[in-house]
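Following: one structure in structure tokens, then a few remarks.
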């Protein structure tokens with residue numbers, strides 16, 4: 001078991017003193033020795049040029065050593081803690097070795113081990129600096145790679161540390177450490193070739209490439225991260241930017257500023273691991289990038305103007321004034337452009353989260369489909385607040401989400417006019433700062449309005465579907481009353497009148513004339529009742545069921561094309577669903593007969609696996625959607641016409657009976673059958689089919705066949721009203 005694992009098993013109360021004591025000894029001892037000897041080495045022979053960077057080494061020891069010790073104590077399982085502590089220990093012990101070596105060179109008893117310590121310190125500091133610049137960024141924020149694909153970048157960084165360290169280990173003192181050479185020391189393993197430009201420059205370029213690749217990996221991880229991970233990386237990026245700026249400034253301002261550059265990144269790592277949610281780091285990063293980039297742009301414009309005017313007019317005294325005026329004029333537009341770019345980089349949008357959420361109301365007004373309204377809200381909120389997961393939970397338990405859920409989460413109540421309408425679910429920690437909490441509260445208020453609108457829309461749809469269902473059930477009841485009660489009674493009455501007429505004596509001419517006038521009227525009434533029955537509900541549905549009714553319907557088109565009917569609906573369907581499926585198939589077959597000239601048609605009515613929807617599909621292999629329509633002709637092959645008049649009394653057939661009965665009287669076959677329901681001799685086409693599907697809460701689509709040929713009509717109907 002590793003030392004870190006053993007330390008992690010120690011309770012926090014006992015672990016903290018143990019780590020603090022150990023780190024204080026390991027760090028404090030070399031730091032105290034190094035600082036004390038530096039004060040004594042002010043007049044040492046080898047001090048000039050050797051100990052000039054002592055404050056930077058002390059800062060590495062204090063900054064990275066303290067941050068690493070803190071992380072080892074508080075988060076012993078994070079690999080970044082021991083790594084930071086190791087860098088701090090290297091800095092502290094290099095300081096002690098350098099100062100001791102310089103002090104020992106002037107000691108009367110001889111240098112002793114001073115040359116060895118000076119050689120070791122002369123290249124070890126390079127390993128510490130390259131470890132900070134090339135290794136730490138690729139392992140941010142916790143000491144682990146983002147994924148296995150970043151292994152080449154880590155290998156490149158480690159290779160740069162090793163090669164650069166070896167190069168400095170064999171670098172001659174005369175070129176690399178003149179102070180040591182002046183004191184009479186030589187690199188014990190020095191190679192003259194190491195100082196040649198053809199060796200040094202490729203190694204320097206290699207190290208810069210490694211550093212650049214590591215920084216790119218850090219920026220990429222920050223750009224793709226969400227939630228707490230993004231906050232941690234933001235702190236590290238902020239610390240890195242400050243360290244780079246101070247390090248660059250140190251070349252002009254001196255070693256003290258260079259030493260100060262060792263602090264921000266170490267602090268960024270510590271805050272990222274332990275206190276990343278304490279402040280709104282995104283806002284801090286955005287403002288830092290904004291003013292830094294704006295300063296760089298304006299400074300560049302100023303220098304360009306002064307240089308250009310000086311070149312054109314020979315160093316005119318008014319060049320700085322003109323450049324200042326140009327910079328002042330460009331300040332406002334440059335601020336807007338740079339602000340948009342920075343906010344797009346930090347927040348993913350050209351404005352900050354509040355501006356994005358403010359536009360959310362406008363987007364809600366523009367959404368036409370209430371079914372996608374909540375999806376748009378969740379997606380917009382996730383993008384605006386850089387959250388990996390946003391979900392809206394409605395009172396009925398249904399959930400609309402954007403992103404992938406990762407526990408733990410927190411819920412925010414949604415309300416409208418003081419009434420709870422649902423919950424907003426976001427990752428825990430999304431509102432850890434005051435700014436984010438205000439943004440989430442604003443989002444919750446707007447989302448509550450959207451949820452209320454969706455609920456109202458759903459209630460309207462549900463009411464319409466209930467009305468349609470109730471209408472069809474009532475039609476079914478009326479159909480049965482007319483079919484089983486009034487229709488047979490009228491037919492029997494007509495038969496009785498006809499029989500009575502035949503039994504009248506020959507001299508009852510007047511009575512016969514009255515009966516002759518009454519009988520045709522009664523037969524017309526019977527036909528009217530049959531028409532009403534057909535309009536209420538196709539009789540074949542009750543006589544044959546949906547399967548048999550569609551099979552009988554398809555058989556009427558046999559002279560034109562075969563119709564293959566497959567019905568797999570399981571349990572009985574509601575009356576409204578049966579009627580809608582039948583009417584859609586009837587209209588689709590009628591359209592195929594009129595316009596498509598197919599060789600075959602397939603009708604499929606199936607129930608979904610969940611049992612809550614019925615899919616109606618009619619496909620043909622005709623001319624397809626792009627073919628021009630043929631002139632309107634008969635809706636379908638003509639069915640057998642029932643004889644009219646007294647010779648074939650309508651009362652002998654049940655009203656609304658099966659095919660071939662009086663229900664099919666008249667020319668037109670399918671057209672005559674469907675006419676009362678809206679298909680008619682000319683039909684209402686796609687509008688009728690779409691309306692029948694949508695009024696039940698279903699969908700309707702029209703497109704080419706499965707192989708790109710012919711036409712496919714598809715409707716999905718809910719089995720139950722929502």
message: What distance in nm lies between label points placed 7 Å from Cα along the C-beta direction at residue 568 and residue 145?
response: 4.9
message: Testing the spin-label approximation: label points 7 Å from Cα along Cα→Cβ at residue 321 and residue 341. State their distance in nm.
response: 3.2
- request: Provide, for q = 0.14, 0.20 Å⁻¹, the log10 of I(q)/I(0) from a solvent-free Debye sum over equal Cα point scatterers in the stretch 22-137.
  value: -0.56, -0.99
Distance between modelled label sites at residue 542 and residue 610, nm, 7 Å Cα→Cβ extension: 3.4
statement: Plugging the Cβ-Cβ distance of residue 116 and residue 35 into 1/(1 + (r/R0)^6) at R0 = 30 Å yields, to the nearest 0.05, a FRET efficiency of 0.85
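Only the coordinates and a few stated rules stand behind these numbers; no lab work does. Everything numeric in this text was worked out from a predicted model, so none of it was measured. Using ideal geometry, Cβ is built from the backbone for each residue, glycine included, and neighbour counts are taken over all protein chains shown.
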